[in-house]
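The values are calculated or read from the model by the stated rules, or taken from the named source; none is laboratory data. In this text the structure is predicted, and so the values were computed from the model without any measurement. In this analysis, Cβ positions are derived from the backbone assuming ideal geometry, glycine residues included, and neighbour counts consider all displayed protein chains. With ligands, DNA and RNA removed, areas are computed over all heavy atoms of the protein, side chains included. Shrake-Rupley method; radii C 1.70, N 1.55, O 1.52, S 1.80 Å.
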Amino acid sequence: MSDATTARATRATSAASVSPAALVLLVLVGLNLRPFLTSVGPVLDIVRRDIDLPFRSAAMLTTLPFVLMGVVAFVGFGLARRIGEKHALLAALSLLAVGCALRAVTHGSATLIASAGVAGAGVATVQALMPGVAKRWFPSRMPMAMGLYSAALVGGGALGAVTSPWLASHVGWHFALAVWAVPALGVLALWRNAAPHGADTVATGAAPPSVSRFAGRPRAWQLAAYFGLANSGYSSLVAWLPSFYRQIGMDLQQSGNLLAWMALFQAIAAFLMPMLARRSDDRRPVLWLALALQCVGFAGFAMFPTLAPWLWVAVAGLGLGGFFSLSLIVTLDHLPNPHDAGALAAFVQGIGFPIAAAGPWLIGWLRDAGGSFTTGWLLHLAVALAMAGLTAAFSPASYRRSMTPRHA
């Protein structure tokens with residue numbers, strides 16, 4: 001992309017970069033991306049009994065959306081190249097609303113899993129595009145914008161987790177899972193009518209590069225593995241944390257509250273850790289802190305689950321929330337051009353989310369094979385330790401070198 005094209009795109013979005021309304025819209029989009037996932041875990045035992053769902057099929061309700069968050073990321077970014085980000089995001093939010101609404105009428109496992117796929121495809125497209133949009137809207141305040149977006153994303157997860165068991169006990173699990181179509185339609189209307197014009201790459205003449213151009217860059221694959229493996233703990237906890245604690249004696253609402261408690265601390269860390277890291281171009285110390293917190297949380301789940309469950313959940317939430325936003329920020333840091341950085345973020349999520357999806361599926365397979373949740377928590381502890389070692393590679397001095405010569 002030429003410097004002139006980049007300058008035109010930057011001028012076109014300069015108003016958006018200082019607009020509080022744009023920041024509010026970014027937050028509202030983030031709030032809608034997780035309730036369709038986190039509302040399932042707290043009522044999963046009810047759903048399993050009602051439609052005779054085995055553990056591995058139940059895991060698909062979390063695994064399939066995470067796989068699609070990867071696969072569809074490439075498709076969504078390509079769609080934005082053709083019709084513009086604004087219109088691609090309108091289509092994606094429509095899919096999210098439809099996927100949630102389908103759960104009101106499902107009476108079998110196939111339709112329920114399909115609803116997860118439809119909603120997951122919509123979320124995948126949104127997540128592929130929003131980091132680039134945030135960097136373009138807020139070029140001088142990117143850590144703050146990504147922190148708020150990430151905090152809203154996991155905060156929406158908390159809302160889904162705490163609300164669904166209450167709704168399920170009063171109006172049934174179908175409504176508890178389908179109700180999230182309503183806020184999705186609301187943010188769809190806001191995006192259509194209030195999104196800054198600079199969100200549309202077709203309008204600015206600044207179409208983003210192809211995501212596939214990063215397939216030949218080893219650093220892009222490193223970032224994708226880093227993102228996917230360290231975030232697999234989140235997908236496993238969303239799928240299985242309530243079931244794990246119900247197995248050892250908690251009631252339905254308490255187990256759902258645990259997931260909401262985790263998401264609350266994720267939201268806090270997703271915002272505060274980028275603020276902590278903003279004073280230096282080297283994000284590694286705060287990344288190590290996030291991974292250390294993950295290690296403590298998973299060790300607690302595995303070894304002392306009943307000793308202080310609220311503590312383990314809070315610590316794990318801090319580590320997972322901080323890591324999610326920081327890993328995206330490190331990805332965006334690698335390239336100064338917002339369009340190139342957005343394409344790299346789409347590549348990282350496109351490969352990383354299917355890796356993250358392996359977590360809940362593996363734990364579901366272990367449970368069907370007669371294993372325990374404890375083995376799964378120990379596996380995630382080992383993954384966090386391995387990712388702490390990989391973190392050393394992400395020195396700011398290596399960013400430009402790792403992306404050349406194609407992105408000189």
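Under the condition of being in contact (Cβ under 8 Å) with a residue 12 or more places away in the chain and over 20 Å from the mean Cα position of the chain (by Cα), which residue from segment 350-374 is most open to solvent (accessible area, probe 1.4 Å)? Quick ask: steps written out before the conclusion?
Just the residues of segment 350-374 that are in contact (Cβ under 8 Å) with a residue 12 or more places away in the chain, to begin with: 350-365, 367-368, 373-374.
If we keep only those that are over 20 Å from the mean Cα position of the chain (by Cα) as well, we get 364-365, 367-368, 373-374.
Numbers: G364: 0, W365: 106, R367: 53, D368: 61, F373: 5, T374: 46 Å².
Looking at residues that are in contact (Cβ under 8 Å) with a residue 12 or more places away in the chain and over 20 Å from the mean Cα position of the chain (by Cα), I get W365.
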Exercise. Failed condition for W137, given (1) at pLDDT below 80; (2) surrounded by 18 or more Cβ atoms within 10 Å (Cβ to Cβ), with all others met?
Worked result: (1)
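Hey, does segment 11-24 have a residue that's open to solvent by less than 60 Å² (accessible area, probe 1.4 Å) and either basic (K, R) or at pLDDT 75 or above (or both)? Don't jump to the end; show me each part of the working.
Step one: of segment 11-24, the residues open to solvent by less than 60 Å² (accessible area, probe 1.4 Å) are 12-13, 16-17, 19, 22-23.
Then keep just the ones that are either basic (K, R) or at pLDDT 75 or above (or both); that gives 22-23.
For segment 11-24, residues open to solvent by less than 60 Å² (accessible area, probe 1.4 Å) and either basic (K, R) or at pLDDT 75 or above (or both): present.
Within segment 100-116, which residues are assigned to a helix (DSSP H, G or I) and either open to solvent by 10 Å² or more (accessible area, probe 1.4 Å) or within 19 Å of L28 (Cβ to Cβ) (or both)?
Kept after step one, since they are assigned to a helix (DSSP H, G or I), are these residues of segment 100-116: 100-102, 109-116.
Once the filter is applied, which keeps residues that are assigned to a helix (DSSP H, G or I) and either open to solvent by 10 Å² or more (accessible area, probe 1.4 Å) or within 19 Å of L28 (Cβ to Cβ) (or both), segment 100-116 yields C100, A101, L102, S109, A110, T111, I113, A114.
Return yes or no: is A97 in contact (Cβ under 8 Å) with a residue 24 or more places away in the chain, open to solvent by less than 30 Å² (accessible area, probe 1.4 Å) and assigned to a helix (DSSP H, G or I)? Quick ask: steps written out before the conclusion?
Details: in contact (Cβ under 8 Å) with a residue 24 or more places away in the chain: yes; open to solvent by less than 30 Å² (accessible area, probe 1.4 Å): yes; assigned to a helix (DSSP H, G or I): yes.
Taking the combined requirement at face value, the residue satisfies it.
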Exercise. What are the residues in segment 311-338 that are of a type in the set (A, V, I, L, M), touching a residue at least 12 places away in the same chain (Cβ under 8 Å) and assigned to a helix (DSSP H, G or I), if any?
Worked result: V313, A314, V315, A316, L318, L320, L326, L328, I329, V330, L332
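Provide a single number: the residues in segment 362-403 that are assigned to a helix (DSSP H, G or I) and small (G, A, S). It would help to see each step written out before you state the result.
Here is the first cut: in segment 362-403, the ones assigned to a helix (DSSP H, G or I) are 362-368, 373-391, 396-403.
Next, only the ones that are small (G, A, S) stay: 364, 376, 382, 384, 386, 388-389, 397-398, 402.
Here the count works out to 10.
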